């Protein structure tokens, strides 16, 4: 079963800004996010795992982890998370700040927005939908 990583997107204030920054980096080759430590749950991460990006205190997007690379610099060995170029927006989930990355179990991961749109289109009985910001606020209050 897949496991995911939670990473704070430092310096980005929106998914669009993260997407723009990554599109510039794609010119040089595959997307690589460098971490100091190699994930101990490597096999689970490579079995369909993703990086879930935290932007402004909310999980907001994800990218599939394609592979892990061993990298070296003057400080020693590092780990390069090679990410798929597709940035998928997710439902917003409030998340406290942290340093580095944390594991996220598959059953706790937020759903992709595109899946939610398909579900709402299939459900003709709905009277109205909450904005993602409102839904995140209600979830943080324990009302959803």
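Shape summary: the range 53-111 maps onto an equivalent ellipsoid whose semi-axes, from the alpha-carbon gyration tensor, are 24, 15, 10 Å in decreasing order.
Rounded to the nearest 10 degrees, the inclination of helix 15-26 to the longest alpha-carbon principal axis of the chain is 30 degrees. Take the Cα of residue 73, step 7 Å toward its Cβ, do the same at residue 14, and the gap between the two points is 3.0 nm. Along Cα→Cβ, 7 Å out, is where each label goes; now give me the distance between the ones at residue 138 and residue 84 in nm to one decimal. It works out to 2.9 nm between the two label points. Computed over the Cα atoms of the range 3-140, the ratio of the radius of gyration to the Kirkwood radius (Rg/Rh) comes to 1.00. Under 8 Å for C-alpha pairs, at least 6 residues apart: give me the relative contact order for the range 3-140, rounded to a whole percent. Relative contact order comes out at 28 percent.
Once divided by 2.2 N^0.38 Å, the Cα radius of gyration of the range 6-84 becomes 1.11. Per residue of the chain, the DSSP helices (runs of n ≥ 4 H) give a summed -39500 (n - 2.57) that works out to -7000 deg cm²/dmol at 222 nm. Note on residue 114 and residue 64: their simple-model spin labels are 1.0 nm apart, each label 7 Å out from Cα toward Cβ.
Just so you know, all these numbers are worked out from the coordinates, no wet-lab data involved. Here the structure is a predicted model, which means the values were calculated and not measured. Cβ atoms come from the backbone with ideal geometry, glycine included; neighbour counts cover every protein chain shown.
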